[in-house]
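Everything below concerns the one structure shown next.
Just so you know, all these numbers are worked out from the coordinates, no wet-lab data involved. Note that the coordinates shown come from a computational prediction; the quantities given were computed from them, not determined experimentally. Glycine gets a Cβ as well: all are built from the backbone with ideal geometry, and neighbour counts include every protein chain shown.
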């Protein structure tokens with residue numbers, strides 16, 4: 001496992017978290033699923049020892065710092081750049097649409113299949129695993145949204161999970177609709193109130209791109 005600190009860009013650290021993540025991913029591509037890359041919050045130091053176990057060192061903080069609430073800080077500082085989440089059944093055209101939108105707006109793409117090879121390596125397709133997979137992608141999207149717009153191409157099949165994602169990152173939900181039979185193996189609960197709907201049964205990919213761009217650019 002390789003952990004990447006989510007650090008601010010500076011003179012001594014000129015590369016963004018996303019640039020480091022993609023570079024490491026390419027460098028270890030030959031190892032496939034053996035290497036897992038995760039993004040962790042910025043830290044100042046790690047303490048470790050030769051023996052099994054760990055130690056916690058307490059540091060003194062002033063009253064102002066001590067009373068800071070992480071939850072309140074996250075609520076008051078939402079992602080700076082927008083996150084567009086393409087939801088829809090498998091095979092509806094989410095990945096194709098994401099790639100075409102990337103050409104137009106240059107956003108970071110987080111694809112569900114690719115994420116399962118990295119941050120969700122080894123996870124299955126139970127409701128619990130799908131839920132955790134979606135939330136991991138949402139957390140990663142939040143990290144990348146500090147530097148760029150993000151396009152997430154992940155099914156997110158359950159309404160309950162999408163509500164959790166809303167609480168975490170409040171993405172723009174784009175429902176990529178297509179008529180497929182819903183089965184136990186491939187469950188999907190269509191979103192009730194998505195921000196935008198595109199229909200792969202009646203629209204070409206380019207028509208969908210134009211519709212999304214018009215939606216994004218409207219005042």
Cα gyration tensor, region 161-206 - rounded (a/c under 1.5), prolate or oblate: oblate
Distance between region 164-196 and region 120-154 - C-alpha centres, whole angstrom: 14
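Given the Cα-Cα distance of residue 147 and residue 109 and 0.36 nm per residue of separation, how much length would full extension add, in nm? Kindly include the intermediate steps, with their values, before the conclusion.
On the way: separation 38, 0.36 × 38 = 13.68 nm, distance 1.29 nm.
Fully extending the segment from residue 147 to residue 109 adds 12.4 nm.
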Among 17-24, 3-10, 172-179, the order from most to least packed when residues are scored by Cβ within 10 Å on average: 172-179, 17-24, 3-10
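FRET efficiency for residue 184 and residue 139, Cβ-Cβ distance as r, R0 = 30 Å, nearest 0.05?
Numbers: r = 28 Å, r/R0 = 0.94.
Between residue 184 and residue 139 the formula returns 0.60.
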Listed peptides 146-153, 157-164 by packing density, highest first (mean Cβ within 10 Å): 146-153, 157-164
Can you tell me how region 79-217 classifies by the Cα gyration tensor, rounded, prolate or oblate, using a/c under 1.5 as the rounded cut? oblate
